[in-house]
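Trainee: Pasting in a structure now, in structure tokens, and then I'll have a few things to ask.
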Amino acid sequence: MITHRGACHCTRVRFEVIAPAALVVDQCNCSICSMTAYLHLIVPKDRFKLISGSEVLRSYSFNTGIAQHLFCSVCGVKSFYVPRSNPDGYSVNVRCLDAATIESIEVIGVDGKNWETAYPGGRGAYR
Ligand SMILES: [Zn+2]
């Protein structure tokens, strides 16, 4: 496990996430993830640290309202959020991480369009 650093486009939102250098990430086909091409690195809360930007974060919710789709109100980028599959953790957008610490990325497809079938236990794994 190492520390990766990430930020939104305008860099007001900055964070650190503890994860392997060889990342396993989820690519979801649900309505919002497919529009944003979001790449999920899902971690427990204690492996995520917001460094700056809490004052510019806004939240968008839809459907069940469980997920909190956090985005920067200045640049619009969703660099991390609280996912429906792991509401006690965070999903970090791998596209917003500093590439310097990433050794490799393995992408796993998730059928989030059919959420109940994709997560029969009602939640997802941490990576
Ligand atoms: Zn921003």
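Trainee: For the stretch 1-52, with every protein chain kept in place, what is the accessible area per residue (1.4 Å probe, Å²)? Intermediate values should be presented prior to the final figure.
Mentor: Numbers: 2510 Å² over 52 residues.
Per residue, the stretch 1-52 has an accessible area of 48 Å².
Trainee: Would you kindly state how much longer the chain becomes between S73 and D46 on full extension, computed as 0.36 nm times their sequence separation minus their alpha carbon distance, in nm to one decimal? The partial results should precede the final answer.
Mentor: Details: separation 27, 0.36 × 27 = 9.72 nm, distance 2.49 nm.
Taking S73 through D46 to full extension adds about 7.2 nm, to one decimal.
Trainee: Whole-Hz ³J(HN,Hα) for each residue in the stretch 122-127, computed from phi via Karplus 6.51 cos²θ - 1.76 cosθ + 1.60 with θ = phi - 60°, x for glycine and proline: what do you get?
Mentor: x, 7, x, 8, 8, 10
Trainee: With r defined as the distance between the Cβ atoms of N114 and M35 and R0 fixed at 22 Å, what FRET efficiency is calculated, to the nearest 0.05? Don't skip to the end; give the middle numbers.
Mentor: On the way: r = 17 Å, r/R0 = 0.78.
Plugging the Cβ-Cβ distance into 1/(1 + (r/R0)^6) gives 0.80.
Trainee: On the protein heavy atoms, probe 1.4 angstrom, tell me the percent of accessible surface of the chain carried by carbon and sulfur.
Mentor: Working: 3480 of 6640 Å².
About 52 percent, which is the carbon plus sulfur part of the accessible surface.
Trainee: Residue by residue, what Karplus-based ³J(HN,Hα) values in Hz, rounded to whole numbers, does the stretch 23-38 have, using 6.51, -1.76 and 1.60 with θ = phi - 60° and x for Gly and Pro?
Mentor: Values per residue, Gly and Pro as x: 8, 10, 10, 9, 10, 9, 9, 6, 4, 7, 5, 6, 5, 9, 6, 5 Hz.
Trainee: Rounded to the nearest 0.05, what FRET efficiency do D98 and E55 have when you use their Cβ-Cβ distance and R0 = 35 Å?
Mentor: 0.95
Trainee: Let me ask you something else. Considering only protein heavy atoms, with the full assembly of protein chains and a 1.4 angstrom probe, order K78, K113, K49 by accessible area, largest first. Let's see the in-between values first.
Mentor: Values: K78 25, K113 145, K49 120 Å².
If we order K78, K113, K49 from most to least accessible, we get K113, K49, K78.
Trainee: Output ³J(HN,Hα) for the stretch 42-52: one whole-Hz value per residue in order, computed from phi by the Karplus curve 6.51 cos²θ - 1.76 cosθ + 1.60 with θ = phi - 60°, and x for Gly and Pro.
Mentor: Once rounded to whole Hz, the list reads 9, 10, x, 3, 6, 9, 10, 9, 7, 8, 7.
Trainee: Now for a separate question. For the stretch 21-112, build the convex hull from the C-alpha positions and give me its volume per residue in Å³. The partial results should precede the final answer.
Mentor: Numbers: hull volume 9.6 nm³, N = 92.
Per-residue hull volume (Cα only) is 104 Å³.
Trainee: Between the stretch 2-46 and the stretch 95-127, how far is it from one alpha carbon centroid to the other, in angstrom?
Mentor: Computed from Cα coordinates, the inter-centre distance equals 9 Å.
Trainee: Here's something else I'd like to know. Remind me, relative contact order of the chain in percent, using alpha carbon pairs under 8 angstrom and six or more residues apart? Please list the in-between numbers first.
Mentor: Working: 276 pairs, mean separation 41.4, N = 127.
So the answer I get is 33 percent.
Trainee: Let me ask you something else. Are there chymotrypsin sites (Phe, Trp or Tyr not before Pro) in the stretch 47-93 that DSSP marks as loop and that have at most 13 other Cβ atoms within 10 Å, and which are they? Working shown, then result.
Mentor: Numbers: sites: F48, Y60, F62, F71, F80, Y81, Y90; in loops: F62.
Sparse-neighbourhood loop chymotrypsin sites (Phe, Trp or Tyr not before Pro): F62.
Trainee: Pick from V82, V25, V56: which residue has the top mean-square fluctuation in a GNM of the chain where Cα pairs under 10 Å get a spring?
Mentor: Greatest mean-square fluctuation among the candidates belongs to V56.
The values are calculated or read from the model by the stated rules, or taken from the named source; none is laboratory data. Please read all numbers here as calculations on a predicted model, not as lab measurements. Because the Cβ atoms are built from the backbone with ideal geometry, glycine has one as well, and the counts that use them run over all protein chains shown. Accessible surface is based on the protein model in full, side chains and every heavy atom, while ligands, DNA and RNA are left aside. Shrake-Rupley method; radii C 1.70, N 1.55, O 1.52, S 1.80 Å.
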